[in-house]
Structure formats: structure tokens, C-alpha cells
1. For the range 15-82, what does the convex hull of the Cα positions come to per residue, in cubic angstrom?
2. Beyond 20 Å, what percent of the Cα pairs of the range 186-310 remain?
3. Can you tell me the 0 to 90 degree angle between the C-alpha axis of helix 287-297 and the longest principal axis of the chain, rounded to 10?
4. Where both partners of a DSSP beta bridge lie in the chain, what percent of those bridges are antiparallel, to the nearest 5?
5. Just the C-alpha atoms of the range 112-205: what Rg/Rh do they give, with Rh taken as the Kirkwood radius?
6. In degrees between 0 and 90, to the nearest 10, how far off the longest principal axis of the chain does helix 159-171 point, with axes built from Cα atoms?
7. Could you work out the percent of alpha carbon pairs in the chain separated by over 30 Å, rounded to a whole number?
8. Rounding to the nearest 10 and keeping the result within 0 to 90°, find how far the Cα-based axis of helix 57-67 lies from the longest principal axis of the chain.
């Protein structure tokens with residue numbers, strides 16, 4: 001059996017279905033309705049350009065390879081997130097794989113992380129993370145008080161963008177952890193000598209941070225891997241997407257109530273040809289960010305809004321947990337049979 005695995009490049013079905021609506025000459029602002037995602041009764045109105053990299057020539061070029069597969073393994077998603085209508089039969093068919101069996105066996109997470117909240121209590125950090133400066137900083141702060149800023153493995157903020165985020169957090173006296181992989185020491189200098197209200201680091205134990213009781217909110221690029229980790233940690237998000245699946249994931253998270261704000265503007269630029277993957281923010285001198293942070297981190301109503309987002313994340317997590325125990329478990333058994341027959 002010829003199987004195409006996506007294990008090392010987790011792909012979400014709704015991204016494929018939006019991207020597959022692209023045809024030569026199509027306007028990237030063309031609206032696409034997604035039904036049933038996350039169990040929602042309301043349609044999500046997306047755009048083809050929410051998955052610019054997947055909606056362009058990429059999906060057409062990959063078509064022959066994908067069409068040769070008898071099955072597709074979706075390793076980081078399941079029916080709990082995708083919904084019972086994940087085939088989105090009202091949309092144009094994909095240029096591949098409508099005939100292929102979809103094995104949604106995910107999410108594949110470290111077992112300790114996947115089951116960390118089953119008792120209803122947040123576990124202490126793992127021993128391997130106890131000496132980390134981020135964990136030590138967070139452990140010295142109250143519950144739901146620290147904002148974590150991290151852009152994943154490939155997305156970058158400029159020093160000026162990161163400084164704007166931190167200086168705006170400082171206006172509401174919100175402690176923070178900033179993951180800044182390049183020019184880390186330069187970033188520290190930018191934020192002032194001997195600051196004690198946050199941590200700048202080139203590496204962070206992200207899963208331990210996401211499960212930490214002191215975490216208030218995640219500011220992220222909105223990538224699917226981080227989205228799933230955040231859902232399994234029952235966290236609220238602010239997103240600043242750049243490319244790939246990040247715009248559609250941000251849209252889905254907003255629709256489901258997990259994301260409380262998205263900063264970036266979509267300029268419909270492909271990753272290809274870009275020397276740096278930096279988000280496009282509104283050209284308003286930081287007003288959008290300042291108003292968002294003041295609302296969320298500077299008011300009582302903001303904490304209520306964040307708590308609703310955490311509850312929404314918790315609800316999606318439970319759907320995914322239930323689905324993995326049933327539908328994903330069955331899909332995994334079917335996959336084993338298919339691969340060994």
C-alpha cells in the first residue's frame with residue numbers, strides 16, 4: 001500500500017480543504033466556508049489566502065504525488081478538532097486524494113504532556129526544566145500572571161517589534177517571558193539594563209511553560225503545532241501570523257474563542273522568496289497592540305475574557321481527547337492493518 005505520511009510536517013484537514021479551492025486566476029480573497037470545525041454550529045468564513053503557501057502552485061505541483069497515495073496520515077489532528085463534516089463536501093474537491101483514506105490518528109504528543117491535565121490539576125514542572133530561568137521566573141509569580149511570547153522555530157520578530165510588545169506589557173505591569181532566538185543579547189540591551197520584570201531567552205522549555213500555573217496568555221505566530229500544544233494546556237492565545245497555515249489557524253482559534261486577538265495583517269505573501277519571516281503589523285504606531293493589551297491585561301473585564309478563552313480551549317481539548325480515545329484509536333488500528341496487509 002502506498003501511504004503518504006505527514007508525521008514530520010503536521011497538516012490539518014481544514015487547511016488542505018481551503019487550499020484546494022485555489023484554481024488558476026483565483027482571487028486569494030475568495031471566501032470559503034468551513035463547516036463543523038471544533039464542533040461549531042456556525043460556519044467559519046475563511047479566505048483562500050489564509051493558506052497562501054498551500055493555495056498557490058504548491059498544491060498543484062504536489063498533486064501527482066499525493067494522488068498516488070492510497071492513504072494520508074494526519075498525525076497531529078483528529079475529528080474532535082476537524083469536526084464530523086471535515087470532508088467539507090460543499091467545497092470543490094482537492095486535486096488529489098479524494099479517493100484516499102484519511103487516517104487521523106493524532107495528536108501525537110509526548111504521553112506526559114498529553115495526559116498532564118487529566119487529574120484537573122496542573123503538574124509541577126519536570127525535573128529537567130526546574131533549573132531553567134523561564135520556569136524559575138514563572139514560579140516566583142502568581143497564577144495566571146505571566147505572558148509568554150514565542151514565535152516558533154522559523155518566524156522572527158524584529159528587535160523593534162519585540163520591544164514594542166514588551167514595553168506595552170510593561171504599561172500594565174504584566175510580567176513576561178520572551179523567546180528570542182537571534183540576537184538575544186542585543187534584545188536584552190534594548191529592554192534596559194538589569195530588568196527584573198521578565199526573561200529574554202534563546203531557548204525555552206515550551207511545554208513546561210504552557211502547563212505552568214503562572215501562565216496568563218500565549219502570544220504566538222499561530223502555527224498549528226503550538227496551537228495544539230496550547231489547546232492541550234488549556235491556554236488563551238494572541239496571534240501574529242506570518243505565512244503557511246498560521247492565518248487559517250488564527251481564524252479558527254478566534255472562531256472557537258481560543259484566540260482573543262490577532263495583530264498581523266495578511267499581505268498574501270508566500271514564504272518562497274522571503275529572506276525573513278516577519279509579521280506585518282498595522283502601521284499605526286503601536287495603537288492596535290496598545291489597545292488590545294490594555295483591554296486584556298489592564299482591566300478586570302480582560303481577565304474575564306481570557307478566562308472564557310481558556311474555557312474554550314478546554315472544551316476543544318476535551319473534544320480531541322474523546323475523539324482520540326474513539327475515532328483516532330480506530331483509525332490507528334485501521335492504519336496498522338493497512339500497512340501490514
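FYI, it's all coordinate maths here, none of it is from the lab. Fair warning: this is a prediction, and the values are worked out from it, not measured in the lab. Neighbour counts are summed over all protein chains in view; Cβ atoms, including those assigned to glycine, are modelled from backbone coordinates with ideal geometry.
1. Details: hull volume 6.2 nm³, N = 68.
Measuring per residue, one finds 91 Å³ for the Cα hull of the range 15-82.
2. 52 percent
3. The angle comes out near 80 degrees.
4. On the way: 4 of 29 bridges.
Antiparallel bridges: around 15 percent, rounded to the nearest 5.
5. Values: Rg = 14.3 Å, Rh = 14.5 Å.
Here Rg/Rh amounts to 0.99.
6. That works out to roughly 60 degrees.
7. Numbers: 21051 of 57970 pairs.
The share of Cα pairs beyond 30 Å in the chain comes to 36 percent.
8. With rounding to tens, the tilt is 50 degrees.
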